[in-house]
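Down below is the structure, laid out as structure tokens.
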Amino acid sequence: MNATAAQLTAPPEARSFPRLAVVRQRFPASPRIDVTRTITDQLAPIASGLRPGARVAVGVGSRGIANLQAIVRAVLEVLRKAGAAPFILPAMGSHGGGTAEGQTALLADYGVTEAALGVPIRAAMDVEAIGELPDAHPIVCSAEALRADAVLVINRIKPHTDFGGRLGSGLLKMLVVGLGKRVGAANFHAASAALGYERELRAAASVVANRLPVLAGVAIVEDQRHQTARIEVVQPEELTEREEALCAEAARLMPRLPFAEVDLLIVDRMGKNISGTGMDPAVIGRMIHGYSLAGDAERRHPHVWRLFVRDLTPESHGNAIGLGLADFTTTRLVQAMDRGVTVTNSLTALSLQGAKVPIYFDTDREAIAAALGSLGRTDTSTTRVVRIADTLSVETLLASEALLAEMRGNSDLEVLSQAQPLVFDAGGNLPPLAESILGR
């Protein structure tokens with residue numbers, strides 16, 4: 001039956017929105033890990049070789065890692081019991097606007113402060129040249145790290161948001177990019193853009209590891225619930241080998257959307273504490289260096305036709321890199337964006353797509369209506385819509401009735417409520433996802 005002229009010209013608000021139900025993915029139970037005991041048992045034998053009073057730089061990054069403060073505290077306690085004098089060294093490249101103050105503020109959001117942990121934070125951005133890659137890009141390293149008697153880095157291991165391969169984001173990247181500060185991060189990204197991420201990471205990490213007095217790395221793997229699944233203290237000579245194995249394990253444990261194709265994905269919040277690209281490409285199916293929707297020969301999983309992101313996390317301190325992966329957003333998110341901080345991160349990482357600002361509206365209702373209307377459907381009530389809190393939190397989500405039909409027979413998914421209409425507050429915005437789930 002052909003649509004009438006009135007149907008084709010009706011404003012998006014006049015179209016019916018899909019009804020959504022609460023859906024839970026059945027993830028395996030998270031393991032129970034005694035953080036303090038695990039780190040003490042593995043690190044104490046290594047730290048016992050430190051001389052009394054040795055200055056140990058403990059590199060900590062800008063990611064929202066589960067149990068981060070507890071992990072850092074346990075590391076510091078082992079080092080102090082060994083007679084060393086540890087200090088915190090922000091190891092996050094250009095994050096925090098590429099300033100010492102900005103990087104110290106990022107650590108504070110995760111409870112990593114001088115007051116809480118009883119050690120100084122040395123956040124100076126000074127670097128020194130320590131070598132160069134075969135393509136003549138200089139390799140630099142934090143001057144504070146170079147002056148230390150020993151260096152230990154703490155980081156989560158996971159596939160990189162920008163590149164594939166056996167290595168991703170982890171200990172090696174923290175040595176090269178994190179401890180390289182803003183200059184080192186820019187040099188590395190320029191080199192990897194031309195010659196390949198993994199090749200440059202291996203080459204640069206070898207130079208840094210040979211130049212720095214690396215004591216160990218503390219590798220963290222998280223599960224689908226963003227909970228600590230493994231903590232492993234890795235000795236310098238095993239960094240590459242163990243990181244490859246742990247990266248493969250992390251890839252198997254990563255949370256993902258359970259649907260191959262989504263018409264509209266609503267993401268409540270994005271931010272640097274959630275992913276290096278604000279929203280994890282493995283979840284949204286879009287890469288930070290660009291994507292194409294219609295006619296894309298390489299359709300990634302999932303294939304998301306329209307993406308609406310609602311808010312920026314306070315922990316991002318205005319860094320909205322990754323916003324360009326969305327098609328629609330809100331005025332409030334755009335206003336929360338710190339242009340200088342975002343541009344610094346974008347240009348350093350050569351992720352220009354990530355700093356672009358999508359179409360934005362004053363209210364969630366307007367943005368959702370526009371997103372649904374842009375699909376070109378006369379009946380938007382049957383569209384495949386998913387709503388998630390963020391790309392770290394996909395165990396419980398909202399899914400439209402069209403997707404519920406696709407779920408039949410899938411034992412990994414459980415429908416927890418009947419489908420109900422979207423509810424907006426008096427200002428035209430969605431209530432927090434937790435409230436929407438509890439109310440169903």
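The values are calculated or read from the model by the stated rules, or taken from the named source; none is laboratory data. As the structure is a computational prediction, the values presented were derived from the model and not from experiment. Methodologically, a virtual Cβ is constructed for each residue, glycine included, from the backbone with ideal geometry; neighbour enumeration extends over all protein chains shown.
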Hey, Ser275 hits all of (1) farther than 26 Å from Ala370 by Cα; (2) crowded, with 17+ Cβ neighbours inside 10 Å; (3) modelled with pLDDT of 95 or more but one; which does it fall short on?
(3)
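Residue-by-condition table, conditions (1) hydroxyl-bearing (Ser, Thr, Tyr); (2) in contact with a Pro (Cβ under 8 Å, 6 or more places away or on another chain):
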{"position": "Ala116", "(1), (2)": "no, no"}
{"position": "Ala123", "(1), (2)": "no, yes"}
{"position": "Ile130", "(1), (2)": "no, no"}
{"position": "Ser142", "(1), (2)": "yes, no"}
{"position": "Ala145", "(1), (2)": "no, no"}
{"position": "Ala150", "(1), (2)": "no, yes"}
{"position": "Ile154", "(1), (2)": "no, no"}
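Which members of the stretch 309-338 meet the condition of being among the small types (Gly, Ala, Ser) and in a loop (DSSP other than H, G, I, E, B)?
First, the residues of the stretch 309-338 that are among the small types (Gly, Ala, Ser): 316, 318, 320, 322, 324, 326, 336.
Scanning the stretch 309-338 gives Gly318, Ala320, Gly322, Ala326.
How about the stretch 210-223: which of its residues are under 30 Å from Pro31 (Cβ atoms) and out of contact with any Leu (no Cβ under 6 Å at 6 or more places or on another chain)?
The first filter runs over the stretch 210-223 and keeps only residues under 30 Å from Pro31 (Cβ atoms), leaving 214-223.
Across the stretch 210-223, the qualifying residues are Val214, Val218, Ile220, Glu222.
Conditions (1) within 20 Å of Arg147 (Cα to Cα); (2) in a strand (DSSP E or B); (3) modelled with pLDDT of 95 or more, marked per residue:
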{"position": "Ala44", "(1), (2), (3)": "no, no, yes"}
{"position": "Pro52", "(1), (2), (3)": "yes, no, yes"}
{"position": "Gly59", "(1), (2), (3)": "yes, yes, yes"}
{"position": "Arg63", "(1), (2), (3)": "no, no, no"}
{"position": "Ala66", "(1), (2), (3)": "no, no, no"}
{"position": "Ala70", "(1), (2), (3)": "no, no, yes"}
{"position": "Arg73", "(1), (2), (3)": "no, no, yes"}
{"position": "Glu77", "(1), (2), (3)": "no, no, yes"}
{"position": "Leu89", "(1), (2), (3)": "yes, yes, yes"}
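Looking only at the stretch 127-149, which residues are touching a strand residue (DSSP E or B) at 6+ places or on another chain (Cβ under 7 Å) and over 18 Å from Lys173 (Cα atoms)? Let's see the steps before the verdict.
Going residue by residue through the stretch 127-149, those that are touching a strand residue (DSSP E or B) at 6+ places or on another chain (Cβ under 7 Å) are 127-133, 138-146, 148-149.
Scanning the stretch 127-149 gives Ala148, Asp149.
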Checked pairs for the stretch 237-259, first closer than 17 Å to Val218 by Cα, second basic (Lys, Arg), C-beta under 6 Å and 6 or more apart or across chains, list as Glu244/Arg166; Ala250/Lys158
Within the stretch 352-372, residues being out of contact with any Phe, Trp or Tyr (no Cβ under 8 Å at 6 or more places or on another chain) and among the charged types (D, E, K, R) number 3
If a residue has to be under 17 Å from Arg211 (Cα atoms), under 27 Å from the mean Cα position of the chain (by Cα) and surrounded by fewer than 19 Cβ atoms within 10 Å (Cβ to Cβ) to count, how many in the stretch 104-137 make the cut?
1
The stretch 342-356, residues that are at pLDDT below 85 and closer than 11 Å to His95 by Cβ:
Thr348, Ala349
Screening Val304, Val218 for residues that are more than 30 Å from Ile130 (Cβ to Cβ), outside any loop (DSSP other than H, G, I, E, B) and at pLDDT 90 or above leaves only Val304
Taking the residues in the stretch 346-371 that are surrounded by fewer than 17 Cβ atoms within 10 Å (Cβ to Cβ) and within 22 Å of Trp305 (Cβ to Cβ) as candidates, determine which candidate is farthest from the chain's Cα centre (by Cα).
Ile359
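Looking at Thr40, Thr104, Thr113, Thr99, which one is out of contact with any strand residue (DSSP E or B) (no Cβ under 7 Å at 6 or more places or on another chain), free of Cβ contacts under 8 Å to residues at least 24 places away in the same chain and β-branched (Val, Ile, Thr)? Lay out the reasoning, then the answer.
On the way: Thr40 fails: free of Cβ contacts under 8 Å to residues at least 24 places away in the same chain; Thr104 fails: out of contact with any strand residue (DSSP E or B) (no Cβ under 7 Å at 6 or more places or on another chain); Thr99 fails: free of Cβ contacts under 8 Å to residues at least 24 places away in the same chain.
Residue meeting the stated conditions: Thr113.
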